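The values are calculated or read from the model by the stated rules, or taken from the named source; none is laboratory data. Since we're looking at a predicted model, the values are computed, not measured. Ideal geometry is used to build each Cβ from the backbone, glycine not excepted, and the neighbour counts take in all protein chains shown. Protein only, heavy atoms only, side chains kept; ligands, DNA and RNA dropped before computing areas. Shrake-Rupley method; radii C 1.70, N 1.55, O 1.52, S 1.80 Å.
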Amino acid sequence: MRLLLRFDSKTVREPVISRTTLETRALINILRASVGARRGEILIEVEDKKAKEIEGVLERLGVDVVELAEAVQKDDELCVHCGACVSICPTEAISFNGEKKVVITAEKCVHCGACVKVCPTKALNLPL
């Protein structure tokens, strides 16, 4: 399961990932992180069976947790299959199929938003 963690200015200075790992004995894979002095956002991947326990610990430590079930979404009516998103995707979550149509592999998406920014027809969006 993928969880989006949001930190405020107080929590961003705390070792919440380390504490959560130690307390839950769960492995936490950091997929993307953007942390500054006043706020932060980290996308993590955890085992489904440990997800609720991890969420509980993080929330107790002051972290806002959002479950991310979906990858980037494509509006098929707007997409012209130009491939701009394919070339920019850092995890190869977006590719061409055998018919030269853009397809998305949800398991690979890390919600970086690069594809959304480069899409000339605004066919892509990141749901939360």
request  = Collect the residues in the range 116-128 that are under 21 Å from Leu43 (Cβ atoms), over 13 Å from the mean Cα position of the chain (by Cα) and surrounded by 12 or more Cβ atoms within 10 Å (Cβ to Cβ), keeping them in residue-number order.
outcome  = Val116, Val118, Cys119, Leu124
ask   = Could we say that Cys115 is more than 27 Å from Val16 (Cβ to Cβ) and part of a helix (DSSP H, G or I) here?
value = yes
message = Where the second residue is part of a loop (DSSP other than H, G, I, E, B) and hydroxyl-bearing (Ser, Thr, Tyr) and the first is at pLDDT 95 or above and lies in the range 94-110, which pairs have Cβ atoms under 8 Å and are six or more apart or on separate chains?
response = Ile94/Thr105; Ser95/Thr105
remark   = In the range 92-108, anything part of a loop (DSSP other than H, G, I, E, B) and surrounded by 13 or more Cβ atoms within 10 Å (Cβ to Cβ) is listed as Ala93, Thr105
key: Residue satisfying condition, being under 18 Å from Lys117 (Cβ atoms), charged (D, E, K, R) and surrounded by fewer than 16 Cβ atoms within 10 Å (Cβ to Cβ), within set Asp75, Asp64, Asp48   = Asp75
ask   = So is Gly40 open to solvent by less than 40 Å² (accessible area, probe 1.4 Å) and free of Cβ contacts under 8 Å to residues at least 12 places away in the same chain or not?
value = no
